[in-house]
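S.K.: I have a structure here, written as structure tokens, and I will follow up with some questions on it.
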Amino acid sequence: MSASLPTGLITALQSARNVAVLTGAGVSAESGIPTFRDAQSGLWAKYSPEELASPAAFRRNPRLVWEWYAMRRAAVLAAQPNPGHVALAQLEQLVPHFTLITQNVDGLHARAGSRALIELHGNITKVRCSVEGTFCSTWAEGEELPPPCPTCGAPLRPHVVWFGEQLPLDALQQAWIAAEECEVFLSIGTSGLVEPAASLPRVAYSHGATVAVLNLDVNTRSEARLFYLHGRSGEVLPQLVERLMEEQQ
């Protein structure tokens, strides 16, 4: 059962001209994509994610790391955006200034139509040169794995942030500014444990924004400018967008 929609949240969204959203693995899970730590199965069950998602792992066994990400990339490309993704793309059209910040690397927000998008942890469907950092739009899954960069011959790597790497500074700065300047901040499907993204709702709240947390790990309750909604994003967000569209008619 989805959460009821607090009147205070609806009112804040109706008047807001600047909205920011943070999404995490819970949104993608509704499209059948396992969370990062639940992704190990079959041949990969003997490995922990930390053994496969770090610069050291890539240096130690680049073929193994590439093949693991190739498996995950195939699973992501076979998945489809769910109603939560679609609702966020629709919400972007209803607000004058909108920013969607995601910790997910699956690219489903873009496929659903979101444009004002900050992918904090990268995008697993893209690859870049491990030395120069330049993107490569096509590559061959042949005998040589990882495939070589067509420019310099260095191994290609997934365009994701690994353990031990810093988040892209420009993306993090944009996310921070969005949190500081928004009037409403929605935190959806994220545990709120992984920094620095976990601090974004607190930054928004401290700058006067109304904050709503939508997750299956919270109990529905309301405080001053703070709403906790227990529910699935694919159920609650379409209802939220429908209410806003009705009010605008």
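The values are calculated or read from the model by the stated rules, or taken from the named source; none is laboratory data. The model shown is predicted, which means the values in this text are computed figures rather than measured ones. Ideal geometry is used to build each Cβ from the backbone, glycine not excepted, and the neighbour counts take in all protein chains shown.
S.K.: Suppose we filter A197, A179, A140 for residues that are buried (at least 19 other Cβ atoms within 10 Å of the Cβ), modelled with pLDDT under 95 and either among the aliphatic types (A, V, I, L, M) or closer than 30 Å to G8 by Cβ (or both); which single one remains? Spell out how you get there, then give the answer.
M.R.: Numbers: A179 fails: modelled with pLDDT under 95; A140 fails: buried (at least 19 other Cβ atoms within 10 Å of the Cβ).
None of the other options fit; the residue is A197.
S.K.: Which condition does R202 not pass, out of (1) in the same structural domain as P6 (by TED's automatic domain parsing); (2) of a type outside the set (A, V, I, L, M, F, W, C); (3) more than 17 Å from A20 (Cα to Cα), if it passes all the others?
M.R.: (3)
S.K.: Count, please, the residues in segment 50-72 that happen to be crowded, with 19+ Cβ neighbours inside 10 Å and assigned to a helix (DSSP H, G or I). Explain how you work it out, then say what you get.
M.R.: Just the residues of segment 50-72 that are crowded, with 19+ Cβ neighbours inside 10 Å, to begin with: 52-53, 57-58, 65-66, 68-69, 72.
Okay, now just the ones that are also assigned to a helix (DSSP H, G or I), so 52, 57-58, 65-66, 68-69, 72.
Going through segment 50-72 one residue at a time, the tally reaches 8.
S.K.: Here's a follow-up. Within segment 176-249, considering only strands (runs of 3 or more DSSP E) that don't extend past its boundaries, which have at least 2 residues that are over 18 Å from the mean Cα position of the chain (by Cα) and among the aromatic types (F, W, Y)? Full working, then the answer.
M.R.: Numbers: elements: 184-188, 210-215, 221-223, 226-230.
The qualifying strands (runs of 3 or more DSSP E) are 226-230.
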